[in-house]
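Below you'll find the structure, written out as structure tokens, and then a few comments.
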Amino acid sequence: MKVCDLVEKLNLKVFCGEQGINNEVVGAYTSDLLSDVMGNVDEGQVWITLQTHRNIMAIASLKEVAAIILVKGYKPEKAAIEQSNEEGIPILGTDMETFEASGTLFQLLNG
Amino acid sequence: MKAFRADLHIHTVLSPCGSLEMSPEQIIQSAKEKDLDIIGIADHNSTRQSRLIKEIGKQNDVFVLCGAEVNTKEEVHCLAFFETDEQLDEFQDYLDQHLPYIQNKPELFGDQVWVDAEGNILGEEDRLLIVGLDQSIDEVADKVEALNGIFIPAHVDRPRYSVSSQLGFISPDLKVSALEVSRIANLKEVLERYSWIKNYPVLTNSDAHVPEDIGAGYSTFLLEAPGFNEIKKALHNEDGRKIISISLKF
């Protein structure tokens, strides 16, 4: 499954980093502590979080995640948008809360 | 120039987690007993007790930095200090404006009162002070800089409420004066784990919530005399002012 498939099936907003819209998705990880994400997210996973700080992109880039999904209608901060566009790692958005977003994505990836 | 001992992270009776013994008088008395020349008053998201302590400090030859321990949107704790009453007032307005309204339950979190020099209660903060502001760490840092303040991310080595736990590392664009490592830190291990700390001046403090802990962690500054701008220069290693040592055990 690709990032663009998630966008379509979960009706996600694409904030930035559109070049990476065809990134392959191998799974997902949900966490808001960036120290935890740094240690535990795997390459090719989608990362679900409520953090909007620019540091999310640094970690996404370091760990080569497929895309970031921001929950609860949160929008990325300006510096995060800039880096997302440079790196080609999309930041996506949903109005769903973390529990619902994770559950929906789990079903989609494991269905 | 002379060496001055500084503990820049002390909570008062106003912090919900601060002991009721942490009255202005007691804090200054304990600071004297511990040979501290400079202290920083940093209650969670409030500056309201700090000014009186500065006044009492003046009469007792203890220089007091007035400020707060801000909790940002990401739940990163940061120390912020200001030179003038006007700057402190403006920062208090900023805190009042951006602290979400969650009512304190003193039986769960502790009392949040501020007191006069005799320890009489002057007011009680109704909002729970330990919640995160609706402002990002960058926004808080910008505000502190606009008010010519000192901005120090607190206990950066700790697994909770720190820049390392919440945000992983410090973005190079963030305007920080220095970093605080906790007084129990093993600096060598911390630097191995978080190499970005090397890019900043490092100090340590007590983070005291009870009188006995005041001065349990401190940093020694080389200054002409205690003063806001002298300390600021030392943090930036300017004009010969500097941090000489920090009181870590390891």
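Each value in this text was obtained by applying a stated rule to the coordinates, not by laboratory testing. What you see is a predicted model; the values in this text were computed from it and never measured. Every residue, glycine among them, receives a Cβ derived from its backbone with ideal geometry; neighbour counts consider all protein chains shown.
Being in contact (Cβ under 8 Å) with a residue 60 or more places away in the chain and either surrounded by 18 or more Cβ atoms within 10 Å (Cβ to Cβ) or within 14 Å of another protein chain (Cβ to nearest Cβ) (or both): is that true of A:THR30 here?
Against the criterion (in contact (Cβ under 8 Å) with a residue 60 or more places away in the chain and either surrounded by 18 or more Cβ atoms within 10 Å (Cβ to Cβ) or within 14 Å of another protein chain (Cβ to nearest Cβ) (or both)), A:THR30 qualifies.
Name the residues in the range B:56-68 that are within 17 Å of B:GLN87 (Cβ to Cβ) and not β-branched (Val, Ile, Thr), would you?
Once the filter is applied, which keeps residues that are within 17 Å of B:GLN87 (Cβ to Cβ) and not β-branched (Val, Ile, Thr), the range B:56-68 yields B:PHE63, B:LEU65, B:CYS66, B:GLY67, B:ALA68.
So, in the range B:221-237, exactly how many residues are of a type in the set (S, T, N, Q) and either crowded, with 19+ Cβ neighbours inside 10 Å or in contact with a Pro (Cβ under 6 Å, 6 or more places away or on another chain) (or both)?
Counting residues in the range B:221-237 that are of a type in the set (S, T, N, Q) and either crowded, with 19+ Cβ neighbours inside 10 Å or in contact with a Pro (Cβ under 6 Å, 6 or more places away or on another chain) (or both) gives 0.
Considering only the range B:214-227, I want to know if a residue exists there that is small (Gly, Ala, Ser) and within 14 Å of chain A (Cβ to nearest Cβ).
no
So, in the range A:47-89, of the ones that are in a loop (DSSP other than H, G, I, E, B) and within 19 Å of A:GLN19 (Cβ to Cβ), which residue ends up nearest to the other protein chains (Cβ to nearest Cβ)?
Applying the filter and picking the extreme gives A:ARG54.
Among the residues of the range A:53-63 satisfying the criterion of being hydrophobic (A, V, I, L, M, F, W, C) and more than 12 Å from the chain's Cα centre (by Cα), which is surrounded by the fewest Cβ atoms within 10 Å (Cβ to Cβ)?
A:LEU62
Could you check B:ILE130 against (1) over 23 Å from B:SER23 (Cα atoms); (2) away from chain A (no Cβ under 14 Å) and say which number it fails?
It is condition (1) that B:ILE130 fails.
Contact list please: Cβ distance under 6 Å, first residue in the range B:196-222 and without any contact (Cβ under 8 Å) to a residue 24 or more places away in the chain, second residue not in a helix (DSSP H, G or I), pairs at least six apart or on different chains.
Partner pairs satisfying both residue conditions: B:ASP213/B:SER206.
Please work out if A:LEU92 is more than 14 Å from every other protein chain (Cβ to nearest Cβ), closer than 22 Å to A:LYS2 by Cβ and buried (at least 21 other Cβ atoms within 10 Å of the Cβ).
Yes, satisfied.
Any chance the range A:38-46 includes a residue that's within 14 Å of another protein chain (Cβ to nearest Cβ), under 22 Å from B:PRO172 (Cβ atoms) and out of contact with any helix residue (DSSP H, G or I) (no Cβ under 8 Å at 6 or more places or on another chain)?
Checked against the condition, which is being within 14 Å of another protein chain (Cβ to nearest Cβ), under 22 Å from B:PRO172 (Cβ atoms) and out of contact with any helix residue (DSSP H, G or I) (no Cβ under 8 Å at 6 or more places or on another chain), the range A:38-46 yields at least one hit.
Against the conditions (1) surrounded by fewer than 18 Cβ atoms within 10 Å (Cβ to Cβ); (2) closer than 18 Å to B:ALA80 by Cβ; (3) more than 13 Å from every other protein chain (Cβ to nearest Cβ), where does B:GLU125 fall short? Just the number, please.
Evaluating B:GLU125 over (1) surrounded by fewer than 18 Cβ atoms within 10 Å (Cβ to Cβ); (2) closer than 18 Å to B:ALA80 by Cβ; (3) more than 13 Å from every other protein chain (Cβ to nearest Cβ) leaves (1) as the failure.
Quickly run through the range A:64-80 and pick out the residues that are surrounded by fewer than 18 Cβ atoms within 10 Å (Cβ to Cβ) and in contact (Cβ under 8 Å) with a residue 40 or more places away in the chain.
A:LYS75
If a residue must be closer than 14 Å to B:THR72 by Cβ and of a type in the set (D, E, K, R), how many such residues does the range B:161-191 contain?
Summing the residues that are closer than 14 Å to B:THR72 by Cβ and of a type in the set (D, E, K, R) in the range B:161-191 gives 1.
What tally of residues in the range A:6-45 results from selecting those that are of a type in the set (Lys, Arg) and either part of a loop (DSSP other than H, G, I, E, B) or over 22 Å from A:GLU77 (Cβ atoms) (or both)?
1
Quick one: which of B:THR204, B:THR220 is among the β-branched types (Val, Ile, Thr), in contact with a Lys or Arg (Cβ under 7 Å, 6 or more places away or on another chain) and farther than 23 Å from B:SER15 by Cα?
B:THR220
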